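Take a look at the structure set out below.
Derivation of every value follows stated rules applied to the coordinates shown; laboratory data play no part. Not measured: the values here are computed from a predicted model. For neighbour counting, all protein chains shown are included, and Cβ atoms are generated from backbone atoms with ideal geometry for every residue, glycine included.
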Amino acid sequence: MSPYIPILGIMALAGGFLVLSVVLSLTVGPRRYNRVKYDTYECGIDPTPAAAGGGRFPVKYYITAMMFLVFDVEVAFLYPWAVTFDALGVFGFAAMMIFLIVLGVAYFYEIRRGGLEWD
């Protein structure tokens, strides 16, 4: 049990800091209602009312999110692969080439849908 005492101490310290921060923000912080503070933020312009039925978002929002995820996952897997490239051998190289081909398909789909065109 003794090796875990420092970990438990850090967790207790973090929990105490969390409770202290929340209590101080509730007691010391201002309690004024501000319409702007609670309003929806839309890039500095007045928010538009939602259309009946929820409205429709352009596909470009989802394409941009998909592009972020594809490249984020790619980088997260390429760094460890590059570090252990010599140890993995032919199997590691083939597996990474298949992975890059799948990501290439997503990349070319992104180009075809216009996700890299900045309007």
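In loop segments of the range 56-119 as defined by DSSP, the GluC sites (Glu not before Pro) with at most 14 further C-beta atoms inside 10 Å of their C-beta are GLU117. Couplings for the range 80-87, taken from phi via the Karplus curve 6.51 cos²θ - 1.76 cosθ + 1.60 with θ = phi - 60°, read x, 5, 5, 5, 9, 4, 5, 6 Hz in order; Gly and Pro are left as x.
What ranking, highest mean first, results for peptides 78-91, 22-35, 60-73 when packing means the other Cβ atoms within 10 Å averaged over each residue?
60-73, 78-91, 22-35
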